[in-house]
Amino acid sequence: MPRLKMLRELTDRAVLDDVFSHGRVTRVELSDRTGISRPTISESVRRLEAAGLLTATGSRETGQRGRIATFYELGADTGYVVALELNQFGVHAIAYDLRQTELAERRAELGDDLSAKVRAAIVDVGAPGPLRAVAISVANPVDPATREVIPLPGSPFPEGFIRLDDVIDAPLMVDNDVNWAALAERRAGAARQASSFAYVHVGAGIGMSLYLGDQLVRGAHGLAGEIGYLRVGDTDVTLTDALLRQGFGTPPAIDVSTVLAGDKRGFGTVIGRAVASACTVFDPELVLFGGPLGGHPEILPHIRAALDGATQAPVRVEAGEFGDAAPLRGALAWAVDHGRGQLLA
């Protein structure tokens with residue numbers, strides 16, 4: 001009996017995976033693409049339709065006398081997921097179905113009660129069916145054990161804020177925006193073929209996400225990759241402070257327009273040397289740069305020049321593919337994976 005149950009679950013998962021990929025399907029198409037017999041597919045479709053996970057949406061003639069094929073697509077009970085970005089500019093929430101089709105989008109300014117703003121944004125993008133998962137991107141490091149946002153000097157939320165699972169009634173993942181961006185690039189971007197790579201965001205702040213052997217390196221306290229706090233030379237000056245002292249902004253943030261109007265080579269060289277130090281320790285095969293400055297075509301060549309020959313092994317230096325959309329894309333990838341996994345639980 002347990003074996004029969006397992007086979008049914010595997011069949012149901014194969015059917016749902018095909019619907020996620022193709023949208024409207026027939027039982028014949030499901031059988032042809034999965035290699036599962038038509039009677040077994042028909043049983044699976046009946047189970048999933050009874051559970052509200054599939055719904056019949058129409059029919060067509062097959063070309064064979066008297067034969068009609070019924071189309072099926074995801075039912076309302078499959079639900080939806082929410083990817084949400086939280087930074088100094090406000091709250092940006094998008095709801096998607098489990099085929100990654102956008103359903104609704106909302107933006108809101110920050111307010112005094114941040115948790116209330118987050119809750120309201122998730123409610124505003126609500127869609128039919130159950131909320132399966134929420135993934136939140138924040139512009140601060142996140143403790144890997146408690147999932148609490150870590151307050152740091154000069155960070156967008158220097159006071160931190162309460163654990164968001166206290167205000168969200170759904171499976172939840174909160175992570176740093178650079179980690180989400182790296183996940184997006186690994187799944188479908190410039191790091192598709194690289195299992196060991198670094199993603200470096202350079203904008204008003206500087207941060208790094210590091211994958212080694214396809215595992216995200218978080219550190220004991222969630223602070224791995226905070227290269228903006230690296231000490232420069234033999235001084236107590238951090239990398240970010242050194243850039244600010246050179247006139248690339250005013251505390252606590254680097255100013256993008258000032259950098260682009262000023263010494264772009266000097267800025268790129270400082271960034272490249274700092275990243276080279278990290279590469280010497282971790283030995284990635286690829287370093288991707290993102291953010292308004294990291295991936296900028298007037299800055300990246302200077303970063304690449306500073307990295308060239310500065311590490312013990314050669315390292316490719318490229319711009320990320322997804323730009324400012326990378327954090328939300330990474331959050332969406334996790335939310336959809338988690339939401340799909342909940343369907344047959």
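The values are calculated or read from the model by the stated rules, or taken from the named source; none is laboratory data. For clarity, every value in this text was computed on a predicted model and none was experimentally measured. Note that each Cβ is placed from the backbone with ideal geometry, even for glycine, and that neighbours are counted across all protein chains shown. Note: accessible area is taken over every heavy atom of the protein model, side chains too, but ligands, DNA and RNA are not part of it. Shrake-Rupley method; radii C 1.70, N 1.55, O 1.52, S 1.80 Å.
Per-residue extension of 0.36 nm, minus the Cα-Cα distance of D165 and A220, leaves a gain of 17.7 nm for this segment.
With a/c under 1.5 counting as rounded, go ahead and sort the range 243-331 into rounded, prolate or oblate using the C-alpha gyration tensor (a ≥ b ≥ c being the square roots of the eigenvalues; past the cut-off, prolate if a/b is larger than b/c, else oblate). Cα axes put the range 243-331 in the oblate bin. Summed over the residues of the range 231-287 and divided among them, the accessible surface reaches 53 Å² per residue at a probe radius of 1.4 Å. Once backbone amide H atoms are built at 1.01 Å from N, L172 has V134 as its partners under 5 Å, excluding neighbours fewer than 5 places away on the same chain.
Between the exposed loop cleavage positions of the chain, defined as trypsin sites (Lys or Arg not before Pro) in a non-H, G, I, E, B DSSP state with at most 13 neighbouring beta-carbon atoms within 10 angstrom, the longest gap is 193-345. Estimated from helices alone, the mean residue ellipticity of the chain at 222 nm is -11500 deg cm²/dmol (sum of -39500 (n - 2.57) over DSSP H runs with n ≥ 4, per residue). Only one residue of P2, P327, T40 has its Cα farthest out toward the positive end of the dipole of the chain, where Lys and Arg carry +1 and Asp and Glu -1 on Cβ, and that residue is T40. Distance from the alpha carbon centroid of the range 134-149 to that of the range 291-345 works out to 18 angstrom. When a 1.4 Å probe is rolled over the protein heavy atoms, the share of accessible surface on the chain that falls to carbon and sulfur comes to 49 percent. Take the Cα of L344, step 7 Å toward its Cβ, do the same at Y229, and the gap between the two points is 4.3 nm. If you take the charge dipole of the chain about its Cα centre, with +1 on Lys and Arg Cβ and -1 on Asp and Glu Cβ, which of G111, G341, F197 is farthest toward its positive end? The residue sitting farthest along the positive end of the dipole is G341. One decimal place: the segment F89-V281 gains 65.7 nm when fully extended, by the rule 0.36 nm per residue minus the C-alpha distance. In this structure, D263 and I68 have a Cβ-Cβ separation that, at R0 = 56 Å, corresponds to a calculated FRET efficiency of about 0.20. If you build a Gaussian network model of the chain, linking Cα atoms that sit under 10 Å apart, which residue out of S277, S37, S115 swings the most? Of S277, S37, S115, the Gaussian network model singles out S37 as fluctuating most. Amide hydrogen proximity for V317: with H placed 1.01 Å from N in the peptide plane, the residues at 5 or more positions away or on another chain lying under 5 Å are V287. Counted without the sites themselves, the longest stretch of the chain free of chymotrypsin sites (Phe, Trp or Tyr not before Pro) in a DSSP loop having at most 16 other beta carbon atoms within 10 Å is 162-345. Treating each Cα of the chain as one equal point scatterer and applying the Debye formula with no solvent, the log10 of I(q)/I(0) at q = 0.06, 0.08 Å⁻¹ comes out as -0.28, -0.47. The value of relative contact order for the range 204-345, using C-alpha pairs under 8 Å at least six residues apart, is 17 percent. Per-residue extension of 0.36 nm, minus the Cα-Cα distance of E49 and A313, leaves a gain of 89.6 nm for this segment. Considering only alpha-carbon pairs that sit under 8 angstrom and 6 or more positions apart, the relative contact order computed for the range 145-254 is 17 percent. Each Cα pair under 8 Å and six or more residues apart adds its separation to the average, and for the chain the resulting relative contact order is 15 percent. Taking Cα centre as origin and charging only the Cβ of basic (Lys, Arg, +1) and acidic (Asp, Glu, -1) residues, the dipole magnitude of the range 41-159 rounds to 680 debye. Taking amide H positions as modeled 1.01 Å from N, with prolines and chain starts lacking one, the residues under 5 Å from D255 and 5 or more places away or on another chain are G249, T250. In order along the range 130-141, phi translates into HN-Hα couplings of x, 7, 8, 6, 10, 10, 10, 9, 10, 8, 9, x Hz, rounded to whole numbers, per the Karplus curve 6.51 cos²θ - 1.76 cosθ + 1.60 with θ = phi - 60° and x for Gly and Pro.
Among L48, L288, L131, the residue with the largest mean-square fluctuation in a Gaussian network model of the chain, with springs joining Cα atoms closer than 10 Å, is L48. Each label was represented as a point 7 Å from its Cα along the Cα-to-Cβ direction; for A116 and M6 these points are 5.2 nm apart. A simple charge model with +1 on the Cβ of Lys and Arg, -1 on the Cβ of Asp and Glu and nothing else charged puts the dipole of the chain at about 1380 debye relative to its Cα centre.
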